[in-house]
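Here's the structure we're looking at; comments come further down.
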Amino acid sequence: VTIVYAREQDLPANDFAAVLGAAGMGQNRPVADEPRLRQMLENANLIVTARDHGRIVGAARCMTDFAWVCYCAEIAVDKRAQGGGIGRAIIEHCRSILGDGVSFVLAAYPDAVGFYERIGMTRIADAFVFNRERGV
Ligand SMILES: CC(C)(COP(=O)(O)OP(=O)(O)OC[C@H]1O[C@@H](n2cnc3c(N)ncnc32)[C@H](O)[C@@H]1OP(=O)(O)O)[C@@H](O)C(=O)NCCC(=O)NCCS
C-alpha cells in the first residue's frame, strides 16, 4: 500500500466527516452539523491527511502558532487501516512541518492512551479544561 501524507488546508467537510465516522469517532464529533464542521476546518491551521489511492484513510486537525505550541484537536484513522502505522506517520508529518521548536499537545480518548504512549509522547497530569456545554 502506498499511503500519501499531505497538508490539506482545504479538506472538504464531507471527507472529514467520512474519516471521523470510519474511525469510530462519529459519536464524539459533530459529524451531522455541517456548518460547525466547516468552521472547525476553516479555523484549523494545520490539517494533515493520509490517503490511499485518493481515498481518505486518516486525518489530524490542529491549531498552532508554528512557533511554540500545536494543539491537535483530533486524529482519526479508518478502522480498516488502523494498526498499520498511519496514525504514527500522520503525527510525524505534522511534527516535521512544525519543527523542533514546537510542542505537540492533545487530549487522548481513554482507548487511545496506549497509542500515544507507544509513539513516545509524555503523559501530563496537570492539564485543565473548561468542557463545552453544547454539542457532542
Ligand atoms: C488512535 C489511532 C489514531 C491510532 O492510529 P493507528 O494508525 O491505528 O496507529 P499506528 O498503527 O500508527 O500505531 C502505532 C503503534 O501504536 C500501537 N497502537 C495503536 N493503537 C493503539 C491503542 N489504541 N492502544 C495501544 N497501542 C496502540 C500500534 O500497535 C503501533 O505499535 P508498533 O509501534 O508496535 O507498531 C487510531 O487507532 C484511531 O483513529 N482510533 C480511533 C479514534 C481515536 O481514538 N482517535 C484518537 C482520539 S484522542
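Values in this text are rule-based calculations from the coordinates and carry no lab data. Note that this is a predicted model, so its numbers are computed, not measured. Cβ: placed from backbone, ideal geometry, glycine included. Neighbour counts: every protein chain shown.
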Checklist entry - Do you know which residues across the range 105-122 are within 13 Å of the ligand (Cβ to nearest atom), of a type outside the set (A, V, I, L, M) and either at negative phi or touching a residue at least 12 places away in the same chain (Cβ under 8 Å) (or both)? => result 109, 110, 111, 114, 115, 116, 117, 118
Next on the checklist: So in the range 97-111, with the set limited to residues that are part of a helix (DSSP H, G or I) and in contact with a strand residue (DSSP E or B) (Cβ under 8 Å, 6 or more places away or on another chain), which one is surrounded by the most Cβ atoms within 10 Å (Cβ to Cβ)?
Outcome noted: 98
Item to check | Residue satisfying condition, being part of a loop (DSSP other than H, G, I, E, B), of a type in the set (A, V, I, L, M, F, W, C) and in contact with an Asp or Glu (Cβ under 9 Å, 6 or more places away or on another chain), within set 57, 129, 136 | outcome: 136
Checklist outcome for this item: residue 39 fails exactly one of (1) among the polar types (S, T, N, Q); (2) in a helix (DSSP H, G or I); (3) touching a residue at least 12 places away in the same chain (Cβ under 8 Å), namely (3)
Next on the checklist: Restricting to the range 64-80, count the residues that are more than 6 Å from the ligand (Cβ to nearest atom), within 16 Å of residue 48 (Cα to Cα) and hydrophobic (A, V, I, L, M, F, W, C).
Outcome noted: 4
Checklist outcome for this item: Per the filter on the range 81-96, residues surrounded by 18 or more Cβ atoms within 10 Å (Cβ to Cβ), within 20 Å of residue 29 (Cα to Cα) and near the ligand (Cβ under 6 Å from one of its atoms) are 87
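Just checking, which of 48, 19 is within 13 Å of the ligand (Cβ to nearest atom), in a helix (DSSP H, G or I) and in contact (Cβ under 8 Å) with a residue 12 or more places away in the chain?
Result of the check over 48, 19: 19.
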